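Peer 1: Quick one: structure below, then a few questions.
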Amino acid sequence: MIWIPVFHRTRYYTVYRQAYSMEQQTVYRCCPGWRRQDGESGCLRSVSAVATCFHGRRSSDSEAQRCRCSEGFQGPHCQYDINECAIGNGGCQNQCCNTIGSYYCKCQAGQKLEEDGRGCEDIDECAVVNGGCQQRCINTLGTFHCECDTGYRLHADERTCIKMDPCTGANGCAHICQSENGVARCACHPGYQLSEDKKACRDINECAEGLAHCGHRCVNSVGSFTCACHPGSELGADGKRCYRIELEIVNSCEKNNGGCSHHCEHALGGPHCSCNHGHRLDSDEKTCIDLDECESGEACCAQLCINYLGGYECSCKEGFQISSDGCGCDDVDECLDTSIVCDQVCINSVGTYHCACEEGYRIGSDGKTCISLDDDELEEGEEELEVVRFAGLLFKSPPRLLHYVAPSLPPTYQDEEDEDKVGKDIRGELSLLPKVVCLDHTFGHDCSLSCEDCMNGGRCQEGKRGCSCPAGWGGILCNESE
C-alpha cells in the first residue's frame, strides 16, 4: 500500500461594514442681555454684570453699572424699542409710523407734511400745470377736479374738454334748434310760437288774435286755421270771404271735402282744392304733397338747404355760421376758437384759417407747429416747401400756391422800427399780406378758396381774384346780400 500525503489550504477573508449613529446635542443661544454659564440648563444669568449696552453707553464704572439709553430705546440694557406712536399718536395729525429707535408722521393722499413734520396741509394740485386740466382746475381738500367752459364737456380722461354742438339731441327744442355763435336757440314751425320756457312750441290761435280775417267764421286748428261760412253761403277762392249761394246750387265740397286733402272751395266747375303752407297740389289737383323749397328754388339759403314736411331751414358749410336772417352764412373766425391751436400766429380767412411762424422758424408738416430754422432736417414725410419772410413772419407755400411774391416796403419805412410796424399790421389787415399767385380756379390771400365756393350763381372773375356776383349779392363769395 502506498501512502499519498494530502495537504489542506485554508483561506481567510476580511469584510468591513459601515455603521452610523446619531447623537443629539442641545445648543443654547441666549437673548440679548442674558448669558449661560457652564452646564446650566438655560440662559439664566444677566450680562449686566459686564455692563453690556445695546443702544446706549455705560453711565459709570461703579459697581452699580447702568446703561444710559439712546433716544428711542429703553430697558436695563437699552435692548427694547420705544413705540412713540403709542402715546398721543406721536404728536402726528394723521398717521404715525413707528421705526426701530424712532418714528415719522405721514399724511393722506392729496396732503403734505407741514414744516413741523407733524401737521398736514392740503396740496394745491392746480398750482402745477393747472393740475393737467385743459381749461379750469378746481382744488378741493385732499384732491381736485377739472371743469370745462360753457359749450364744452369733459372727456373720459377727466382732463380734456371737447367742444359740444349745442343742438345735439335737439337741446330740448320741440321743433327746430338753431346754433347762433355756439348758443342753442329754439324756433317753431309756421303756425306756432315759442313758449315761455323758450323750448316748447304752442299753437297760435289765429282766430282769437285776429290774424285770420275770415268773412264769417274762423276755425282754429293745430298750426293753422280755416275760414267757414254761415249756412247758405260758400267760401270764396281767397279762402276767407263768403258768398251767398242759391238753394238749387249743390256745394261740391260738402261730400268728402270734395276729394281735397287740405282745403276745398266750391266753384262753378266743381271743387277747387288748395293746400296749407309748405305744400303743393299733386298732378290729380286734389292731393297735397310736401313742397321741396330747396329743390324748387323758393328757399333763401345761401349755402345748404334742409327740407322738412311743410317747410325748410338753412345751414352752412364748415367754416361758416348761419346769419341772423336765417338765410345767409357768415364767416367763422377760427382764430377766436380756443380749440384751434397755432404754435405762434393764426391768420383767419373766409371759410378757413392757417398758421404762420415768426422769423427764425418754419411751419411743420402738421400746419400748426413752428420749427426752428437752425434744425436743417425735415420732419418725417414732410416735403421741402418754399418759405418766404415778410414783415417779421414766415409763410410756407401751401400745395395750392405757385409762389409768394413779397411786396416792397413803402419808401417811408426806412429802418427796423418801421418794418416792425408792418409786421404788426399784417396781423390785423389782410391787405399787407404777401401778394399770392394762385393756381387755376383758386383765389384768396392764401389761395384756400376756389371757383366752386362761389354762391348764389356767382362765377370766377377774370384774374381769379374773387367771384363775380349777380345783382343783389356781394362779397368775395357772393354770400352777402346787398
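The values are calculated or read from the model by the stated rules, or taken from the named source; none is laboratory data. Since the structure is predicted, the reported quantities are computational estimates derived from the model, not experimental observations. All Cβ positions, even for glycine, are placed from backbone atoms using ideal geometry, and neighbour counts span all protein chains on display.
Peer 1: Among the residues that make up the stretch 131-147, is at least one of them outside the structural domain of Q95 (by TED's automatic domain parsing), over 23 Å from T338 (Cα atoms) and touching a residue at least 40 places away in the same chain (Cβ under 8 Å)?
Peer 2: No, the stretch 131-147 contains no residue that is outside the structural domain of Q95 (by TED's automatic domain parsing), over 23 Å from T338 (Cα atoms) and touching a residue at least 40 places away in the same chain (Cβ under 8 Å).
Peer 1: Another question, if that's okay. Scanning the stretch 101-117 for residues that are buried (at least 16 other Cβ atoms within 10 Å of the Cβ) and modelled with pLDDT of 90 or more, which turns out farthest from C78 (Cα to Cα)?
Peer 2: If we take residues in the stretch 101-117 being buried (at least 16 other Cβ atoms within 10 Å of the Cβ) and modelled with pLDDT of 90 or more, then C107 is farthest from C78 (Cα to Cα).
Peer 1: Sticking with this structure for a sec: Cβ-Cβ below 8 Å, separation at least six or inter-chain, first residue in the stretch 72-95 and more than 28 Å from E121 (Cα to Cα), second in a helix (DSSP H, G or I) and of a type outside the set (S, T, N, Q): which pairs?
Peer 2: Short answer, once both residue conditions are applied: H77/V47.
Matching residues to (1) surrounded by 17 or more Cβ atoms within 10 Å (Cβ to Cβ); (2) in contact with a Gly (Cβ under 7 Å, 6 or more places away or on another chain); (3) more than 30 Å from Y104 (Cβ to Cβ):
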{"residue": "C120", "(1), (2), (3)": "yes, no, no"}
{"residue": "G132", "(1), (2), (3)": "no, no, no"}
{"residue": "Y152", "(1), (2), (3)": "yes, no, yes"}
{"residue": "V183", "(1), (2), (3)": "no, no, yes"}
{"residue": "C207", "(1), (2), (3)": "yes, no, yes"}
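Peer 1: Residue by residue through the stretch 311-341, note down the ones that are of a type in the set (D, E) and under 22 Å from P190 (Cα atoms). Give the derivation first.
Peer 2: Within the stretch 311-341, the first condition is being of a type in the set (D, E), and the residues that meet it are 313, 318, 325, 330-331, 333-334, 337.
Hits for the stretch 311-341 are E313, D325.
Peer 1: May I ask you to verify whether C85 is at pLDDT 70 or above and more than 23 Å from G119 (Cβ to Cβ)? I'd like the intermediate steps shown before the answer.
Peer 2: Values: at pLDDT 70 or above: yes; more than 23 Å from G119 (Cβ to Cβ): no.
Taking the combined requirement at face value, the residue does not satisfy it.
Peer 1: Across the stretch 268-288, which residue is surrounded by the fewest Cβ atoms within 10 Å (Cβ to Cβ) among those that are touching a residue at least 12 places away in the same chain (Cβ under 8 Å) and assigned to a strand (DSSP E or B)?
Peer 2: G270
Peer 1: Quick check on the stretch 44-81: of everything there that is surrounded by fewer than 17 Cβ atoms within 10 Å (Cβ to Cβ) and either β-branched (V, I, T) or modelled with pLDDT of 85 or more (or both), which residue is nearest to G117 (Cα to Cα)?
Peer 2: That would be E71.
Peer 1: For the stretch 177-189, how many residues meet the condition of being modelled with pLDDT of 90 or more and not in a strand (DSSP E or B)?
Peer 2: Residues in the stretch 177-189 being modelled with pLDDT of 90 or more and not in a strand (DSSP E or B): 2 in total.
Peer 1: Cβ-Cβ under 9 Å, sequence separation 6+ or interchain: first residue in the stretch 197-218 and within 17 Å of Y243 (Cα to Cα), partner of a type in the set (S, T, N, Q). Which pairs?
Peer 2: Final answer for the pair search is C214/T226; G215/S233; H216/S233; C218/T226.
Peer 1: What are the residue pairs meeting all of these: first residue in the stretch 451-470, first residue modelled with pLDDT under 80, second residue of a type in the set (D, E) and surrounded by fewer than 13 Cβ atoms within 10 Å (Cβ to Cβ), Cβ atoms under 8 Å, and 6 or more apart or on different chains?
Peer 2: Cβ pairs passing all conditions: K464/D440.
Peer 1: Right, next: Keeping to the stretch 289-314, report how many residues are buried (at least 16 other Cβ atoms within 10 Å of the Cβ) and assigned to a strand (DSSP E or B).
Peer 2: 6
Peer 1: Could you please find all residues in the stretch 99-119 being within 19 Å of L141 (Cβ to Cβ) and of a type in the set (A, V, I, L, M, F, W, C)?
Peer 2: Of everything in the stretch 99-119, those that are within 19 Å of L141 (Cβ to Cβ) and of a type in the set (A, V, I, L, M, F, W, C) turn out to be C105, C107, A109, L113.
Peer 1: Suppose the filter is at pLDDT 70 or above, of a type in the set (G, A, S) and surrounded by 11 or more Cβ atoms within 10 Å (Cβ to Cβ); does S41 pass it?
Peer 2: On the way: at pLDDT 70 or above: yes; of a type in the set (G, A, S): yes; surrounded by 11 or more Cβ atoms within 10 Å (Cβ to Cβ): no.
No; evaluated as a whole, the condition is false for this residue.
Peer 1: Where residues in the stretch 330-350 are outside any loop (DSSP other than H, G, I, E, B) and in contact with a Gly (Cβ under 9 Å, 6 or more places away or on another chain), which of them is surrounded by the most Cβ atoms within 10 Å (Cβ to Cβ)? Write out each step before concluding.
Peer 2: Of all residues in the stretch 330-350, those outside any loop (DSSP other than H, G, I, E, B) come to 330-331, 334-336, 345-349.
Those left that are additionally in contact with a Gly (Cβ under 9 Å, 6 or more places away or on another chain): 331, 334, 349.
On the way: D331: 19, E334: 18, S349: 21.
In this case the residue turns out to be S349.
Peer 1: Mind checking which residues of the stretch 153-176 are under 30 Å from L194 (Cα atoms) and outside any strand (DSSP E or B)?
Peer 2: Answer for the stretch 153-176, where residues must be under 30 Å from L194 (Cα atoms) and outside any strand (DSSP E or B): M164, D165, P166, C167, T168, G169, A170, N171, G172, C173, A174, H175.
Peer 1: Just wondering, is there one or more residues in the stretch 232-249 that are in a strand (DSSP E or B), of a type in the set (D, E, K, R) and more than 30 Å from M164 (Cβ to Cβ)?
Peer 2: Narrowing the stretch 232-249 to residues in a strand (DSSP E or B): 233-235, 242-244.
Now restrict to residues that are of a type in the set (D, E, K, R): 234, 244.
Subsequent filtering for residues that are more than 30 Å from M164 (Cβ to Cβ) retains 234, 244.
Yes; the residues of the stretch 232-249 include at least one that is in a strand (DSSP E or B), of a type in the set (D, E, K, R) and more than 30 Å from M164 (Cβ to Cβ).
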